[in-house]
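Take a look at the structure below.
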């Protein structure tokens, strides 16, 4: 993935499975983000300060920043 805000590129492996019906149309699919815990542990400390600036928060607690960003994005989609 590319994060232009912090000038970083980090690898993320995505395994995708597709099942086709008799007409060769996709009948089902699944995607697995491999090693997402390592990916997150590496990228979040770099991203959190930028996310904090975007959300205009003063806390430097990474967990609080990620929780707020997640809640903000989920609420924006569900309204």
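What follows is calculated from the coordinates using simple rules that are stated; it is not laboratory data. All values derive from a computational prediction rather than experimental measurement. Glycine gets a Cβ as well: all are built from the backbone with ideal geometry, and neighbour counts include every protein chain shown.
Things worth noting here:
- Candidates 31, 27, 19, 48: the one that is surrounded by 11 or more Cβ atoms within 10 Å (Cβ to Cβ) and touching a strand residue (DSSP E or B) at 6+ places or on another chain (Cβ under 8 Å) is 27.
- You will find that of 66, 62, the residue that is under 14 Å from the mean Cα position of the chain (by Cα), under 22 Å from residue 8 (Cα atoms) and surrounded by 13 or more Cβ atoms within 10 Å (Cβ to Cβ) is 66 and no other.
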